[in-house]
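So the structure is just underneath, and the comments pick up after that.
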Amino acid sequence: MVSNFDVVIGGGGVTGLTLALLLERQSGGVLRIGLVDMSFSSRKSGPRTSSVAKGPKNMLESIGVWPAEATLASPVRRIDVFDAQVSEEALTPGLTFQCVHDEDPMAWIIRHSDLEGHLLKIAENANISFIEGKVVSYKPEGSIATIKLQDGDRLQTRLIVAADGVKSRLREIAKAPCVEWSYGKSALVATLAHQEPHADKAIQIFYPEGPFATLPLIGDRSSLVWTLSGERANRLRHGETAELTKEIQRASANHLGPITLEGSVASFPLGYKHVRTFYCDRLAFVGDAARRVHPLAGQGLNLGLRDIAVLAECIIRTARLGLDFGSREILADYGRRRNLDSIVSSSAFDVLHKIFSLEAASLRIARQLGTSIFQNNIQIKALLTKEATGFAGSYPEIFDAVNASRRSA
């Protein structure tokens, strides 16, 4: 069987669902959109959470798919950064980022499974075709590309978008070259219930082994993302709950009071990966299919949402002119607009991780001095805040859509 589409998106996770809904809403349902995934019902996100910055949140809100904040998403109004290698005995924040009272939050933290489930419910009632199956090949031929599924069905489309994650099957089929390396570490992820309120504050403590971060969730709960050696992460994950709780309590420096674990605990290996180009013939890469970054800055999803905002701009603008939005010229435009921002951002996270991993005494002093300079320099902190909220550089117009409507009201 052969089905025809304008855009086929490989990957039914948060990034793929958001792109499908964005294109469906912006085209008024005119574009024929297919969403391909092995399964749309058996996802296992576990305790993972996502940070959604102000700009991407504006985009989701403008197309009517941002969930009610009071029930699913918790705001981040302050971030305290500590360097435990300078002094583990008396931890005081070396860097603090804080919203002014009348400002919107810098970001919102939401459980990945909640956001994914919310988007899936909306997409099921939109003009989007859900196709369950495994992609085995894709072949560009002139103005179309043909995708072959494992069951023999074929999908013909003007553009394919790879939104199928870090282990992207479409990227593998296209033999897209990447730069990559392993950090030799793992991230331990869990949900914490705690006695003290988090007050909409995120905490990041840099230990020699890796950063320990807590991100505010709804209620007196926080999401833990703790970088550890693979061996230690595995031992703690599969060991006694009491031992893990004790270790988390110690590493938290008691910022949240007594802690208990809530739900499951997960871990995953950490590494860096970036495609050399954001497109091939009739194929564009977005989200984790385009890059893999260290979670210390919580910007993985936000970079993916920047990708799809820019790609959607290219598609919709070209489609309205009646031109071929899957052409190499249009995809090259998408690649030019995303490549520099993506490389700079992901490389910055990599460098930051490496700097805080160095333990030499002289480097600790330099790090302490640099932190002091950043803390007291308003201009530098403003630039970092812009990056964190999604408004650095030439950001997509839709990121400012909600603010623009407020100004015109």
Once the in-chain neighbours fewer than 8 apart are removed, the aspartates and glutamates whose Cα is under 15 Å from LYS121 read GLU24
Estimated vicinal HN-Hα couplings, Hz - region 246-253 in sequence order (Karplus 6.51, -1.76, 1.60; Gly, Pro = x): 4, 5, 5, 4, 5, 5, 6, 6
Around ASP164, which amide H atoms from residues at least 5 apart in sequence, or from another chain, sit under 5 Å from its own amide H, with H modelled in the peptide plane? ALA289
Between THR96 and GLU61, what length in nm is gained on full extension when 0.36 nm per residue of separation is reduced by their alpha carbon distance? 9.8 nm
Give me the percent of Cα-Cα pairs in region 280-350 that sit more than 18 Å apart, rounded to a whole number. 38
Taking a ≥ b ≥ c as the square roots of the eigenvalues of the Cα gyration tensor of region 197-346, is the shape rounded (a/c under 1.5), prolate (a/b larger than b/c) or oblate? prolate
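Rounded to two decimals, what is the ratio between the C-alpha radius of gyration of region 156-284 and 2.2 N^0.38 Å? Please report the intermediate quantities before stating the final value.
Details: Rg = 18.8 Å, N = 129, 2.2 N^0.38 = 13.9 Å.
So region 156-284 has a normalised radius of gyration of 1.35.
Pairs LYS201/LYS273; LYS54/LYS175; LYS57/LYS246; LYS57/LYS201: which exceed 28 Å Cα-Cα? All intermediate terms of the calculation are to be shown ahead of the outcome.
Numbers: LYS201/LYS273 30 Å; LYS54/LYS175 35 Å; LYS57/LYS246 36 Å; LYS57/LYS201 18 Å.
Correct reply: LYS201/LYS273; LYS54/LYS175; LYS57/LYS246.
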Explain nothing, just the number: dipole magnitude of region 237-345 about its Cα centre with +1 on each Lys and Arg Cβ and -1 on each Asp and Glu Cβ, in debye rounded to the nearest 20. 340
Using only Cα positions of region 1-78, each an equal point scatterer, no hydration layer, compute I(q)/I(0) via Debye at q = 0.12 Å⁻¹ and quote the log10 values to two decimals. -0.44
Straight distance only, please: which aspartates and glutamates reach the Cα of LYS134 with their own Cα at less than 19 Å, same-chain residues fewer than 8 apart left out? ASP37, ASP151, ASP153, ASP164, GLU172, ASP288
Karplus-derived HN-Hα couplings along region 277-294 (A = 6.51, B = -1.76, C = 1.60, θ = phi - 60°), whole Hz, x at Gly and Pro: 9, 7, 7, 10, 4, 6, 9, 10, 9, 9, x, 5, 6, 9, 7, 9, 10, 5
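FYI, it's all coordinate maths here, none of it is from the lab. Since the structure is predicted, the reported quantities are computational estimates derived from the model, not experimental observations. Ideal geometry is used to build each Cβ from the backbone, glycine not excepted, and the neighbour counts take in all protein chains shown.
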